[in-house]
Amino acid sequence: MSVPVPATRQLADLRAPQVAAALSPASIVVQPLGAVEQHGPHLPFVTDQLIANRVADAAVAEAARQGIDVWLLPSLAYTKSNEHAWSAGTIWLSADTLLRVLDDIGRCVATTSARKLVFFNGHGGNSALVGVANRELRLAHGLMTFLAHPGVPPDQGGSSPAEELGMGIHGGIDETSLMLYLAPELVDMSAASRNVPEHLAGNRYVRFGGRVGFGWLSDDFGPDGHIGDPTLATAERGKELFEGSVAAFVEALGEIAAFEFHP
């Protein structure tokens, strides 16, 4: 007897027989990664998770409409946020714990017939570790693994508005604009202030986005914990960023669907 598969693209909404009927080696499983961490005095702790969830939800729905076989897992809220450990309310996993959690997720996905797993990461502090996990999961479980972001963080080669001197990496114009568009009730613009490490702006190498990285904690650059200029944020900019992020991830999912190691 055939098993009907519902229209949902939320993998957790399926019943056990439906997983076997719905997933195939061509299926893509998307695991959003968020964070529960301070974002300055003006943004909520849920910022990274909320943005990753909203972009992933919209992109997966659109990709499925375009015929891409993609499934969305519930997001992982607690990740590697120890650069904000100084701030009460931040809940973070150690690097070792997160690597083990990502391996466990990969091991479980590998019990299905899906062969492609995408980590959709809303928190820049996870990126290096997820890159390590991708290779470990490839070796341990045979999955094809990928890392994507709603927007590449400025300290990892992504763009940042000129007003932030390329260093608006946390709670600045772009994140605040996205939150003003997606969840304005959670934003307090009266508490927003500019905090850009302008003393690094003249450096060619040692700066956010430069070729020489450095270890940092978010309160190394001021007691409020944000790095950027949220005072310039607007909901209109947030709408443009959100729609651009969704479109880019849909396009990326199309390439992931076609991706093979050998032509």
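Readers should treat all values here as calculations from the given coordinates under stated rules, not as data from a laboratory. Here the structure is a predicted model, which means the values were calculated and not measured. Every residue, glycine as well, gets a Cβ built from its backbone with ideal geometry; the counts of neighbours run over all protein chains shown.
At a glance:
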| read-out | value |
| --- | --- |
| Range in the chain, longest, excluding exposed trypsin sites (Lys or Arg not before Pro) [loop by DSSP; at most 16 other beta-carbon atoms within 10 Å] | 16-193 |
| Given charges at beta-carbon only (K, R positive; D, E negative), |dipole| of region 10-92 in Debye | 120 debye |
| Per-bin percent of Cα-Cα distances, region 70-200 [5 Å] | 2, 9, 16, 18, 19, 14, 10, 7, 3, 1, 0 |
| Helix axis angle, 173-182 relative to the chain longest principal axis, alpha carbon, degrees | 50 degrees |
| Relative contact order for the chain, counting Cα pairs under 8 Å that sit 6 or more residues apart, in percent | 22 percent |
| Dipole-positive endmost among Gln18, His42, Leu165 within the chain (Cβ charges, Cα centre) | Gln18 |
| Kirkwood Rh in Å, taken over region 1-112 so that all alpha-carbon pairs contribute | 15.7 Å |
| Most mobile of Glu37, Glu185, Glu136 in a GNM of the chain (Cα contacts under 10 Å) | Glu185 |
| Ranked list, fewest to most other Cβ atoms within 10 Å of each Cβ, for His42, His170 | His42, His170 |
| Nearest-20 debye value, region 11-258 charge dipole, Cβ charges on Lys, Arg, Asp, Glu | 900 debye |
| For region 133-263: rounded, prolate or oblate by the Cα gyration tensor [a/c cutoff 1.5] | oblate |
| Solution diffusion estimate, µm²/s, Stokes-Einstein, region 141-215, Kirkwood Rh from C-alpha pairs, 25 °C, viscosity 0.890 mPa s | 172 µm²/s |
| Exposure proxy order (Cβ contacts within 10 Å, fewest to most) of Leu186, Leu76, Leu33 | Leu186, Leu76, Leu33 |
